[in-house]
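To start, the structure under review is shown below, and the notes come after it.
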Amino acid sequence: MLYTIQNSYLSISADTFGAELHSLKCGELEYLWQCGDAWKRYAPILFPFICAPADKKYLMDGKEYQMKANHGFARDMEFTFLRQTENELAFELTENAETLAQYPFHFRLEIIYRLSQDGAEVCHIVENTEHQPMYFYLGGHPAFQCPIGNDGEFSDYYVEYEKPEHLTHQNGMEVKELREGRILPVSRTLFDYDSIILPSPASHKISLKSGKSSHSVTLEFPESDCITVWSATGDNRAAFVCLEPWTSVPTDFDNAEPELSRKKHAISLDAGQRFSYSYKICVK
């Protein structure tokens, strides 16, 4: 079921399925990709994995488990609607037979969307309701319209990092398109080698802009240890660019260690403890 809140500047809608953001509008202008044929999602929640371990299999205490899909299961599950206030929507997911078959932990995942005058905050709260430590990865995957509205073409846009960075493709090749360390022009071939993953970024902000538009999207991610940029390569229907804030590099970077509790970048959360992770989307 879809729920909507709005203020004098923005409106957002989110669904109980996946607790996924479906719309982010300023006035009548939609900034979020609207789930077209090139990619049938809007802004999925990535939990308890980012990407996937090798063959979607991993070990926990020596026992093998297998995820059904990439990016974990949260994005494909029905959440419980918790509350709606003037400026907030909240959803909750807890373990069930389906999750326990893939991931042997009891947990509570709360997703909160908060509106302010300058943007929308996305907050994730993971609570370990298990009697032992749990391990997970967590991230966002929002896709933004490119072009924004009818302003220009896909190739007129660029991604701007807050600070100079050194970028590599997912296969390790240097991203030669990067200009002045901060400006990444968007093209249909930019993502031929999949996502552009930046571990430990110097930047805490990233923007999607165009010299042919007064509109832009800025993602603020002060709590993230990885920022990723992606779009479907070579597909002219893919009128979007994903700006993805992650807690760390994806799970597959840790494939050398099959045991989840020993994977380098997995978050360890003690029994009864809570972990909070947020990012913010600002539009103009």
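Descriptive notes on the structure:
- The residues on offer are Leu59, Leu93, Leu21, Leu89, and the sole one that is in contact with a strand residue (DSSP E or B) (Cβ under 9 Å, 6 or more places away or on another chain) and over 26 Å from Ala266 (Cβ atoms) is Leu89.
- Residues that are assigned to a loop (DSSP other than H, G, I, E, B) and touching a Cys at 6+ places or on another chain (Cβ under 6 Å) were ranked within the stretch 99-136; the one that is surrounded by the fewest Cβ atoms within 10 Å (Cβ to Cβ) is Asp118.
- Screening the stretch 22-40 for residues that are within 12 Å of Leu115 (Cβ to Cβ) and out of contact with any Phe, Trp or Tyr (no Cβ under 6 Å at 6 or more places or on another chain) and picking the one that is surrounded by the most Cβ atoms within 10 Å (Cβ to Cβ) gives Lys25.
- Taking each residue of the stretch 118-137 that is farther than 30 Å from Ser216 by Cβ and looking for partners that are part of a strand (DSSP E or B) and charged (D, E, K, R) with beta-carbon atoms closer than 6 Å, six or more apart or interchain, yields Glu127/Arg108; Glu127/Arg274; Thr129/Arg108.
- In the stretch 16-52, the residues that are of a type in the set (Gly, Ala, Ser) and either assigned to a strand (DSSP E or B) or closer than 23 Å to Ser224 by Cα (or both): Gly18, Ala19, Ser23, Ala43, Ala52
- Filtered residues of the stretch 79-93 (kept if more than 15 Å from Arg108 (Cβ to Cβ) and either within 20 Å of the chain's Cα centre (by Cα) or not in a strand (DSSP E or B) (or both)): Glu86, Asn87, Glu88, Leu89
- When every residue of the stretch 137-145 is checked against the conditions, at least one turns out to be in a loop (DSSP other than H, G, I, E, B) and hydroxyl-bearing (Ser, Thr, Tyr).
- The residues on offer are Ser210, Ser200, and the sole one that is surrounded by 20 or more Cβ atoms within 10 Å (Cβ to Cβ) and either in contact with a strand residue (DSSP E or B) (Cβ under 9 Å, 6 or more places away or on another chain) or not acidic (Asp, Glu) (or both) is Ser210.
Each reported figure results from applying straightforward, stated rules to the coordinates on display, with no laboratory input. Being a predicted model, the structure only gives us computed values, none of them experimental. So basically every Cβ, Gly included, is an ideal-geometry build from the backbone, and we count neighbours across all protein chains shown.
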